[in-house]
Number of protein chains: 2
Amino acid sequence: MDLKALQKLSYGMYIIGSHDGEKLNGQIANTVFQITSEPPTVAVSINKQNLTHDYILKGQAFSVSMLCQATPLPFIGGFGFKSGRDVDKMKDQNYRLGETGCPIFLDNTTAYLEAELIQHLDVGTHTIFVGKVVAAEVLTTDVCMTYDYYHQVKRGTTPKTAPSYLAKDKGG
Amino acid sequence: MDLKALQKLSYGMYIIGSHDGEKLNGQIANTVFQITSEPPTVAVSINKQNLTHDYILKGQAFSVSMLCQATPLPFIGGFGFKSGRDVDKMKDQNYRLGETGCPIFLDNTTAYLEAELIQHLDVGTHTIFVGKVVAAEVLTTDVCMTYDYYHQVKRGTTPKTAPSYLAKDKGG
């Protein structure tokens with residue numbers, strides 16, 4: 001079995017916004033996808049260790065800010081390799097609160113959506129959250145950043161808590 | 001709410017292989033994503049109307065053949081806009097049976113995986129199937145086709161049963 005095949009799956013790059021009351025957080029995720037069109041629902045897979053996991057359950061909602069291709073690597077790093085438990089990731093960020101109470105990140109975002117949690121599925125280390133889209137807006141005509149572009153062109157890396165993490169000894 | 005924002009989510013293009021005993025089928029899907037890395041699991045969202053939906057439940061497995069960017073549009077059309085109930089989609093296809101009994105499609109495929117069904121979640125018109133990866137192989141170094149490339153460059157269209165279908169009167 002060659003798990004490098006999994007690296008050929010295509011994804012985008014997103015900031016998942018969440019809240020627990022007035023406490024806000026954002027984390028990078030690549031595993032967002034649309035599930036149904038009637039009504040419009042989306043799913044995201046989040047590691048149980050992440051603060052975002054707690055906040056989505058407490059706030060019963062999440063936002064998806066879709067990053068454009070030109071997003072600088074340090075901007076992504078600020079959301080992707082630190083926990084909101086250790087640092088205030090919202091500091092110095094340009095965001096506004098959406099109708100679900102989740103932050104919508106405005107820098108480098110080409111479109112966003114907000115979803116109210118309707119279901120979740122325990123899949124071991126991660127939970128798949130399914131949400132009904134209640135708000136969505138296109139902000140720019142920019143091309144989206146794909147996960148492949150992030151790896152191949154930007155030379156970005158993947159944290160251990162990501163669904164798509166591949167240990168080096170397995171060929172990653 | 002501008003549902004065009006949902007079109008900014010990034011996906012690949014895949015053939016989902018499934019079986020019910022010796023009966024085989026393949027359908028196009030764009031919503032495949034990795035869920036966990038320990039163990040490696042993947043999810044796919046399939047419309048309940050599709051024959052593939054029945055076959056995944058009966059065969060308790062599915063395969064994902066990942067299409068390369070150069071895949072011709074008629075090849076995709078042969079899997080994407082017809083039901084395996086009406087036509088034999090396997091006719092004239094170049095495939096082999098994987099260890100799960102699902103067909104692995106060999107033309108235009110850059111990598112594939114096979115997964116044993118471990119969970120599924122009812123999400124209205126669709127079901128999210130979660131499978132444990134039991135086989136995977138990289139076949140070529142070709143770039144993968146993204147859903148965006150399929151739409152923008154290949155001028156491909158989306159059938160009504162797809163999760164990402166957007167009715168014209170909603171801005172699609």
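Which is outside any loop (DSSP other than H, G, I, E, B) and surrounded by fewer than 17 Cβ atoms within 10 Å (Cβ to Cβ), of B:E114, B:E137? Give the derivation first.
Working: B:E114 fails: surrounded by fewer than 17 Cβ atoms within 10 Å (Cβ to Cβ).
Only one candidate passes the filter, namely B:E137.
Within the set B:F129, B:F79, the sole residue that is closer than 23 Å to B:Q34 by Cβ, among the hydrophobic types (A, V, I, L, M, F, W, C) and at pLDDT 95 or above turns out to be B:F129. Regarding segment B:87-94, can at least one residue be identified that is of a type in the set (D, E, K, R), in a strand (DSSP E or B) and under 15 Å from B:Y55 (Cα atoms)? No, segment B:87-94 has no match at all. Among the residues of segment B:82-89, none qualifies, meaning not one is under 25 Å from A:Q34 (Cα atoms), among the charged types (D, E, K, R) and at pLDDT 90 or above. Report whether or not B:I104 is part of a strand (DSSP E or B), at pLDDT 95 or above and open to solvent by less than 20 Å² (accessible area, probe 1.4 Å). Spelling it out, B:I104 is indeed part of a strand (DSSP E or B), at pLDDT 95 or above and open to solvent by less than 20 Å² (accessible area, probe 1.4 Å). Here B:Y150 meets each of (1) facing chain A (nearest Cβ under 8 Å); (2) more than 20 Å from B:T100 (Cβ to Cβ); (3) open to solvent by less than 30 Å² (accessible area, probe 1.4 Å) with one exception, condition (1).
Per the listing A:D148, A:D122, the residue uniquely out of contact with any strand residue (DSSP E or B) (no Cβ under 6 Å at 6 or more places or on another chain), under 25 Å from A:C68 (Cβ atoms) and either among the acidic types (D, E) or not in a loop (DSSP other than H, G, I, E, B) (or both) is A:D148.
Of the candidates B:I104, B:I76, B:I56, the single residue that is within 30 Å of A:V138 (Cα to Cα) and either more than 9 Å from every other protein chain (Cβ to nearest Cβ) or within 17 Å of the chain's Cα centre (by Cα) (or both) is B:I76. Figure legend. Inter-residue proximity from segment B:130-145: first residues acidic (D, E), second residues crowded, with 18+ Cβ neighbours inside 10 Å and assigned to a loop (DSSP other than H, G, I, E, B), beta-carbon distance below 9 Å, spacing 6+ or different chains. Indicated pairs: B:D142/B:N108. Pick from segment B:1-31 the residues that are under 25 Å from A:V138 (Cβ atoms) and assigned to a strand (DSSP E or B): which of them is farthest from the other protein chains (Cβ to nearest Cβ)? Among those that are under 25 Å from A:V138 (Cβ atoms) and assigned to a strand (DSSP E or B), it is B:A29.
Report yes if some residue within segment B:35-49 is at pLDDT below 95, under 19 Å from B:A136 (Cβ atoms) and assigned to a loop (DSSP other than H, G, I, E, B); otherwise report no. Among the residues of segment B:35-49, at least one is at pLDDT below 95, under 19 Å from B:A136 (Cβ atoms) and assigned to a loop (DSSP other than H, G, I, E, B), which makes the answer yes. Looking at segment A:37-49, which of the residues that are open to solvent by 30 Å² or more (accessible area, probe 1.4 Å) and under 16 Å from A:K82 (Cα atoms) is farthest from the other protein chains (Cβ to nearest Cβ)? Of everything passing the filter in segment A:37-49, A:Q49 is farthest from the other protein chains (Cβ to nearest Cβ).
Regarding A:Q34, is this residue away from every other protein chain (no Cβ under 14 Å) and not charged (D, E, K, R)?
On the way: away from every other protein chain (no Cβ under 14 Å): no; not charged (D, E, K, R): yes.
In short, no.
The values are calculated or read from the model by the stated rules, or taken from the named source; none is laboratory data. Keep in mind that this is a model prediction, so the values were computed, not measured. Every residue, glycine as well, gets a Cβ built from its backbone with ideal geometry; the counts of neighbours run over all protein chains shown. Each accessible area value is taken on the protein alone, full model and side chains, heavy atoms only, with ligands, DNA and RNA left out. Shrake-Rupley method; radii C 1.70, N 1.55, O 1.52, S 1.80 Å.
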